[in-house]
Structures are given as structure tokens and as C-alpha cells.
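**Q** I'd like to ask you about the structure that follows.
The values are calculated or read from the model by the stated rules, or taken from the named source; none is laboratory data. The structure presented is a predicted model; accordingly, all values stated were derived computationally and were not measured. Positions of Cβ are backbone-derived with ideal geometry, glycine not excepted, and every protein chain shown enters the neighbour counts.
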Amino acid sequence: MTRSKFIAVALIVVSTAAGIGFALMTRQQEAPRAADEFEATVPNDASAPGPAPDGMAWIPGGEFSMGAADPLGKDANVVGMQATEDSRPIHRVSVDGFWMDKTEVTNRQFAEFVKATGYVTVAERTPTAEEFPGAPPENLVAGSVVFTPPDHAVPLDTHFRWWAYVQGANWQHPLGMESDLVGREDYPVLHVAYEDAQAFAQWAGKRLPTEAEWEFAARGGLSGTLYPWGDEFLVDENFMANTHQGHFPNEDTHADAHGGVAAVAQFAPNGYGLHDVAGNVWEWTSDWYRPDYYGELAAAGGVARNPRGPESSFDPSEPGVAKHVHRGGSFLCTEQYCSRYMVGTRGKGDSMTGTNHLGFRLVQDVP
């Protein structure tokens with residue numbers, strides 16, 4: 001789903017990536033996985049090249065098995081679960097070491113960027129008739145995509161039922177003009193399109209991670225587990241990520257102590273010291289999206305060294321719409337809808353579309 005479609009029909013839904021990507025299996029028992037498809041993660045021996053930059057963790061890089069387990073067993077019948085086919089086959093990848101933000105970029109950090117540069121995000125710009133030919137003039141208003149849950153149970157056949165294009169919604173007004181960032185300075189910045197994240201990265205002297213770098217870091221040194229912390233969703237009956245509990249999309253019981261987006265670092269970090277690599281908000285990566293990319297890497301044989309994604313984007317569900325890969329899932333993830341918050345799975349999104357459950361974190365190369 002794209003911003004242009006939303007504007008054209010006066011309904012805006014989250015990007016396609018997020019549309020089928022609210023994936024979080026909340027079962028407390030161990031979920032099935034094909035452990036024998038994963039080989040051991042082999043981290044590089046090199047230690048950190050110096051003191052960590054502020055707010056960043058050292059990711060040593062190394063060789064690992066990338067992708068999601070197949071088959072999904074009984075969970076394959078859950079709505080949207082079949083969409084994890086683009087996370088297969090599992091293949092070997094090697095990445096060099098790098099620094100990575102421990103958390104998603106926050107509103108406080110993004111505000112510093114805007115104050116220093118005067119940058120205006122995509123969501124704050126008024127769409128033009130040239131950009132969206134055929135759209136009714138009354139729909140050409142600045143805004144963004146906001147989760148707007150119904151007050152009753154609805155079929156899960158289309159995500160238009162719980163997403164809306166809200167005039168005035170942007171990073172400073174995450175739920176619309178009546179909302180603000182008071183008390184939310186340390187929450188992830190939201191409603192950022194791909195070019196917004198890129199602009200911040202350039203200003204900060206960093207870059208967006210590749211999809212391979214993101215997964216290596218998110219796994220925290222573990223091999224083939226369903227989650228960044230292991231194979232069971234709850235650990236000692238405790239939630240490990242900000243997710244959705246209750247009947248989706250109309251009820252959230254807040255069993256994890258959070259309703260909607262949470263401040264960063266509210267849950268324990270993974271093995272590399274990274275917070276929120278599952279749940280809370282989706283994160284942009286630098287890779288173009290293609291559902292067959294993993295197949296291409298596997299067919300090439302051997303170990304893919306520092307892969308940076310395909311040369312172009314293609315999504316059969318929306319040909320012609322340029323998309324980048326999303327990773328990590330969000331606060332809307334639930335076993336009732338999809339599974340893409342599991343560490344080996346993928347999301348995708350129109351590069352010009354931001355939402356109130358999509359953010360980013362950055363990496364920095366070794367000099």
C-alpha cells in the first residue's frame with residue numbers, strides 16, 4: 001500500500017510492508033522451527049576498534065545463517081503467515097564489524113536535527129496534483145498514516161479497517177494535530193519516510209543498516225532462534241518486547257504494560273546490547289525489497305559477503321512502487337494476524353510512506 005493510493009481514495013493505510021507485517025507470535029510455548037537449517041553463528045575475532053560512539057554498540061560481524069525457518073507448521077494457517085515466504089531460503093551471509101545505535105532514533109534526537117537543518121519531512125509537505133494525478137483536491141493535504149482501531153471486532157481481510165490517513169499527522173504530531181511530543185522525547189521518532197531517515201543519517205555522519213547487518217545484529221550472536229532472545233516468546237512469564245495483546249485490532253489489554261508505542265529501551269537488550277529489535281516500531285533498512293532476493297543469494301552458492309540488497313525494487317503485489325525492506329515488527333504485532341516480527345522475517349514499505357509504527361536506527365562504519 002502506498003501514500004498515493006491513500007490520497008487518491010481518501011483512505012490511507014500503512015505501507016504494504018506494514019500492512020501484512022504486524023507479526024508477533026505471542027504463544028508462550030516453544031514454536032516449531034527447523035533448527036537443522038541453521039548453522040552456527042561465527043562472530044569475527046576482532047574486538048571493538050575503540051570507545052563506542054555515544055549511544056552505540058559494537059557489532060563484531062561474522063558469518064551466520066540468515067532467514068526464517070521453514071515450515072511454519074500449524075501456524076501456516078494464521079492470516080498472513082504465508083507471507084514469510086520471502087524470508088526463505090535460509091542462506092549463509094558474512095558481514096564486517098560496525099557500530100549500531102542501541103535504540104531507535106528518538107524524537108529528542110530528531111528534533112536536534114530539524115533545529116540544526118530546518119528539514120521538513122515528507123509527511124509535513126503538502127502533496128501536489130503533479131505528484132498524485134487524479135486525486136481529488138480536497139485529499140491533497142499534508143498528513144500521514146495512523147493506526148485507528150475500530151471499537152468492535154472486524155474481519156482481518158483488509159488493513160483499511162484499522163488504518164487511516166490523518167491530516168496533520170507527522171513526527172511532531174504522531175496521532176494528528178491534537179497530539180504533541182510532550183513527555184515523548186525519548187520515544188522513537190515516527191512518520192519518517194525513507195528519505196527522511198537518509199537525511200538524518202547524513203547529518204549524523206552515519207547510515208542506515210543493510211538488511212544483512214540488521215539481522216546479524218538483531219540475532220545478538222544466537223543462531224536460528226525465533227526471537228532475539230531465544231525460542232520462547234515469554235521468558236519467566238515476562239514480556240520481552242512491546243507487542244499487541246488482546247483481540248486485534250479493536251482491543252489492547254496492555255498486558256506488557258504499554259499501550260501503543262513505548263519509550264525506547266523499556267525491555268532488556270539482546271546479546272549485543274540492542275533494545276527493541278523486536279516489536280515497538282518497524283525500522284528502515286537500506287536494501288531495496290524483492291521477494292526473490294534470498295533465492296538469488298542461495299542460488300549463487302557459498303557465503304554472501306556484505307550483501308547490500310538487489311539493484312532495484314519489485315513487489316508483485318504493487319509493481320512499479322519502489323519499496324525498501326523493513327525489519328523488527330511493531331507494537332501491533334500479534335499471533336492473530338501475522339509473524340513478521342520474528343527475527344528472521346521481513347517487512348516492506350513504499351519509500352515515500354511513513355506511519356506511526358515505523359522508525360529507524362543507524363550504523364556507523366569503522367574508520
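**Q** Do you know which residues across the range 338-357 are part of a loop (DSSP other than H, G, I, E, B) and farther than 18 Å from H258 by Cβ?
**A** S339, R340, M342, V343, G344, T345, R346, S351, M352, T353, G354 - these are the residues of the range 338-357 that are part of a loop (DSSP other than H, G, I, E, B) and farther than 18 Å from H258 by Cβ.
**Q** Something else about it: What number of residues within the range 185-214 are out of contact with any strand residue (DSSP E or B) (no Cβ under 9 Å at 6 or more places or on another chain) and without any contact (Cβ under 8 Å) to a residue 40 or more places away in the chain?
**A** Qualifying residue count for the region: 1.
**Q** Ok, one more. Could you list, ordered by first residue, the pairs with Cβ atoms under 8 Å in which the first is in the range 286-306 and within 14 Å of V95 (Cα to Cα) and the second is among the polar types (S, T, N, Q), at least 6 apart or interchain?
**A** Taking only residues 6 or more apart or on different chains, the pairs are V303/S94; A304/S94; R305/S94; N306/S94; N306/T210.
**Q** Continuing with the same structure: When you look at Q167, is it surrounded by fewer than 23 Cβ atoms within 10 Å (Cβ to Cβ), free of Cβ contacts under 8 Å to residues at least 12 places away in the same chain and out of contact with any Lys or Arg (no Cβ under 6 Å at 6 or more places or on another chain), yes or no?
**A** no
**Q** Report yes if some residue within the range 124-142 is in contact (Cβ under 8 Å) with a residue 12 or more places away in the chain, part of a loop (DSSP other than H, G, I, E, B), exposed (fewer than 15 other Cβ atoms within 10 Å of the Cβ) and polar (S, T, N, Q); otherwise report no.
**A** Within the range 124-142, one or more residues are in contact (Cβ under 8 Å) with a residue 12 or more places away in the chain, part of a loop (DSSP other than H, G, I, E, B), exposed (fewer than 15 other Cβ atoms within 10 Å of the Cβ) and polar (S, T, N, Q).
**Q** Turning to a different aspect of this structure: Within the range 348-359, identify whether any single residue is surrounded by fewer than 21 Cβ atoms within 10 Å (Cβ to Cβ), of a type in the set (D, E) and either at pLDDT below 95 or closer than 28 Å to N170 by Cα (or both), and answer yes or no.
**A** No - not one qualifying residue is present in the range 348-359.
**Q** I need the full set of residues from the range 215-237 which are closer than 13 Å to T345 by Cβ, assigned to a helix (DSSP H, G or I) and of a type outside the set (D, E), in order please.
**A** A218, R219
**Q** Would you check which residues across the range 296-317 are assigned to a loop (DSSP other than H, G, I, E, B) and surrounded by fewer than 17 Cβ atoms within 10 Å (Cβ to Cβ) and list them? Reasoning before the result, please.
**A** Filtering the range 296-317 down to residues assigned to a loop (DSSP other than H, G, I, E, B) leaves 301-303, 306-317.
Across the range 296-317, the qualifying residues are G301, G302, V303, N306, R308, P310, E311, S312, P316, S317.
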